[in-house]
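Rule-based calculations on the coordinates, nothing more; no lab input. These numbers come from a predicted model, not from an experiment. Heads up, the Cβs are rebuilt from the backbone with ideal geometry, glycines too, and the neighbour counts pull from every protein chain shown.
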Amino acid sequence: MGEVDAAFIQATEYRPKLAVVEADDIPLIDLSVLNSPDSPEPDATAIRPLIAEIGEACKNWGFFQVINHGVPLKPRQYLEIGARKFFALSKEEKKKVSRNEVNPLGYYDNEHTKNVRDWKEVFDFTVHNQTLITASHEPDDNELKEYINQWPDNSLELREECEHYAEEVQKLAYKFFIRLNHYPACPVPHLALGVGQHKDGVALAILAQDDVGGLEVKRKTDGEWIRVKPTHDAYVINVGDIIQVWSNDRYESVEHRAVVNSEKDRISIPFFFSPAHYTIVEPLEELINDQNPAKYKPYNWGEYFTNRIRSNFQKLDVENIQIYHFKLPDKFG
Ligand SMILES: O=C(O)CCC(=O)C(=O)O
Ligand SMILES: [Fe+2]
């Protein structure tokens, strides 16, 4: 295997099959009724079929793509170019904006998913230049800290490109943070993964991917890994853990991963949507009744998130925090 660090090598059962199963069946949803120039405020009847379509996609797949979403293409294209320029800088230059124990935003090339190193480098920033978040994952520690974006200086216009994109894409959801993912070409794509299989802990993820492709979704019906076909100017949206809890398991957060390849590098830009740090996440009251009792205990989002990033940051012996840790016993057995 020569020069590839053993930290990147997946256990046999997690290694990707490189034969691609490309899904035509991941729902492709047209959002044009929401963006009609004639009726800026679509009425409830007009959007009812769309809501049903999204509900079905969330239930059956947990994943879908959207087109005619109203987010302009230019800022996304500029940011993709800007991301490529940034990742092409020397390690030394990129490390000037490195994430560290104090500030988890910025550049990072050592992320682990389930204790195996990901074949990627990332640049994280929050939509607001300063964001308050819970400092500690300990329940009794109420201290908050401020996340501050780190921007590379010199000639790059990365800051403007990131801010401009954030302003536009947040119209599709609300806010939190955006990641620039760079997956370099990999000499051992059958042994490593760009991101190991995982679920997103946030409420919703909205991903812009370039035309190289590599995102794979675990199909709910048979557990097969399905490649999400890059579609021009589409966004891939997936349900995260918070929606699973809010919906009391009606909409499940789905496992996914990013496969790498030996020829081309790849850029993807996920936008992670989640509530404010003080939010208590629990099944929505209106969905709960005697027949359908709450399946989760309430948890604090800020503590959960801090716990998660702590375990991404250092290789821990224990599994990181998961929503099933808050699962209540099933009353109907
Ligand atoms: O790059 C991709 O296609 C997926 C990235 C992803 O799942 C993540 O960053 O959570
Ligand atoms: Fe993800």
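Values as computed for the structure displayed
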| read-out | value |
| --- | --- |
| Net charge of Cβ neighbours under 15 Å - reference GLY62; Lys, Arg +1; Asp, Glu -1 | -4 |
| Label point at GLN322 placed 7 Å out along Cα→Cβ; residues across the range 271-294 whose backbone nitrogen lies under 13 Å | none |
| Distance (nanometres) between label positions extended 7 Å along Cα→Cβ at VAL20 and THR221 | 2.1 nm |
| Calculated over the chain: convex hull of Cα atoms, volume per residue (Å³) | 158 Å³ |
| Translational D in µm²/s for the range 185-317 (Stokes-Einstein at 4 °C, 1.567 mPa s, Kirkwood Rh from C-alpha pairs) | 78 µm²/s |
| Pair-distance profile P(r), taking every C-alpha pair of the range 193-241, with 5 angstrom steps and integer % | 5, 18, 25, 30, 18, 4 |
| Cα-based shape type of the range 169-227, given that a ≥ b ≥ c are square roots of the gyration tensor eigenvalues and the cut on a/c is 1.5 | oblate |
| Cα-based equivalent ellipsoid of the range 20-136: semi-axis lengths in Å, sorted from largest, via gyration tensor | 36, 20, 17 |
| Calculated diffusion of the range 228-296, Stokes-Einstein form, Kirkwood radius summed over Cα pairs, 20 °C and 1.002 mPa s, µm²/s | 142 µm²/s |
| Kirkwood-type radius of the range 91-247, with distances r between different C-alpha atoms, in Å | 17.7 Å |
| Spin-label pair LYS59/LYS95, simplified geometry with 7 Å Cα→Cβ offset, distance in nm | 5.3 nm |
| Estimated FRET transfer efficiency when R0 is 22 angstrom, pair ASN129-VAL102 (beta carbons, to 0.05) | 0.85 |
| Gained length - ASP141 relative to ILE280, 0.36 nm times residue gap less alpha-carbon distance | 48.5 nm |
| ILE148 versus ASP233: modelled label distance in nm, points set 7 Å from Cα along the beta carbon direction | 4.0 nm |
| Under-5 Å amide H pairs with ILE29, H placed in peptide plane, nonlocal only | GLN65, VAL66, ILE67 |
| Exceeding the 30 Å Cα-Cα cut-off - candidates LYS114/LYS264; LYS171/LYS218; LYS74/LYS114; LYS114/LYS229; LYS171/LYS229 | LYS74/LYS114 |
| Extension gain (nm, one decimal) between LEU287 and SER262, 0.36 nm per residue minus Cα-Cα | 4.3 nm |
